[in-house]
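In what follows, a structure is listed as structure tokens, so that the remarks can point back to it.
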Amino acid sequence: MQVSDGVITMFDDVFAERASNSEVWDVEGKRYLDFSAGLILGYRAYIELAEKLNRIAPGSTPKKSVLFTTGAESVENAVKIARMYTKRPGIITFRGGFHGRTALTMAMTGKVMPYKKAIGSLPGDIYHIPMPVAHHHVSEADSLAALENLFMADIEADRVAALIMEPVMGEGGFIFRLKALSINCTQFAKSTVFCLYPMKFSPDLGVQENGLRLNTMALNRT
């Protein structure tokens, strides 16, 4: 099955083709009455899209996909997957990055204005390091030093579940990811979540040439 195990349906061998009100017809033409708001059956279009995403996603390892309604929801679930898999709580993101407007994704977002001002307490175990940007006078060495300082002062490396990265940082000034920093950072986290935001969806997404080994990829608008 190329759909994530987290997508729970009551009947694994029944796939809906179409529906009208409480009536559902499967791919074999059988008619059902649905008393659970569409949650008991898998829909063929969902599975076909998951299969397509798995085919064109970078890397040769086996893949599974799960679909959500918003970008913030996809990022939150990527974090949940990383935390469940690693049994670790820590999430590292970059200053200037934007991840959403929910409580968790606001905590992950690396800027206060306009998203966090006067919001109050946000979820913990979220840490930020500076993005290496030449015109901000931050080098790759500076970013890597900040990461090592983070491990010395705030959270040990073996408590980090994921490093959240954007290949193109929009809120931070349309900054492209850097190969060396990405590879070095993935050495510190057992599971790396790679966050992709509005950009053309192509088979490599700029990932393969950056030399990244991905565990999870969260896609927003494409």
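Every number here is computed from the coordinates shown, using simple stated rules; none is lab data. Computed from a predicted structure; not experimentally measured. All Cβ positions, even for glycine, are placed from backbone atoms using ideal geometry, and neighbour counts span all protein chains on display.
Most exposed first by the Cβ proxy, i.e. fewest other Cβ within 10 Å, how do Leu163, Leu33, Leu122 rank? Working shown, then result.
Details: Leu163 24, Leu33 8, Leu122 15.
Ranked by crowding around the Cβ, least crowded first: Leu33, Leu122, Leu163.
As a proxy for reagent exposure, Thr70, Thr102 were ordered by neighbouring Cβ count within 10 angstrom, fewest first; the result is Thr70, Thr102. Under 5 Å from the amide H of Ile129 lie the amide H atoms of Thr93, Phe94, Arg95, each residue being 5 or more positions distant or on a separate chain, with H modelled from the backbone and absent for Pro and chain starts. Shown for His136, His128: other C-beta atoms within 10 Å of each C-beta, ranked fewest to most, produce the order His136, His128. For the stretch 48-56, the Karplus equation 6.51 cos²θ - 1.76 cosθ + 1.60, evaluated at θ = phi - 60°, returns couplings of 5, 5, 4, 5, 5, 4, 5, 5, 9 Hz by residue, with Gly and Pro reported as x.
Using R0 = 41 Å, the C-beta based FRET efficiency linking Thr61 and His137 works out to 0.60. Under 5 Å from the amide H of Ser65 lie the amide H atoms of Val3, Ser4, each residue being 5 or more positions distant or on a separate chain, with H modelled from the backbone and absent for Pro and chain starts.
Sparse packing (at most 16 other Cβ atoms within 10 Å of the Cβ) combined with a DSSP loop state is found for the following chymotrypsin sites (Phe, Trp or Tyr not before Pro) in the stretch 13-112: Phe35, Phe68.
At most 11 other Cβ atoms within 10 Å and a DSSP loop assignment: could you name the GluC sites (Glu not before Pro) in the stretch 76-176 that fit? Each step should come with its number before you reach the end.
Numbers: sites: Glu76, Glu140, Glu148, Glu156, Glu171; in loops: Glu156, Glu171.
Answer in residue order: Glu156.
Karplus-based coupling profile of the stretch 143-158, in residue order and whole Hz: 5, 5, 5, 5, 5, 5, 5, 4, 5, 7, 9, 10, 8, 6, 4, 7, with θ = phi - 60° in 6.51 cos²θ - 1.76 cosθ + 1.60 and x standing for Gly or Pro. Close amide H partners of Val14, meaning residues 5 or more places away or on another chain with modelled amide H under 5 Å apart, are Gly42.
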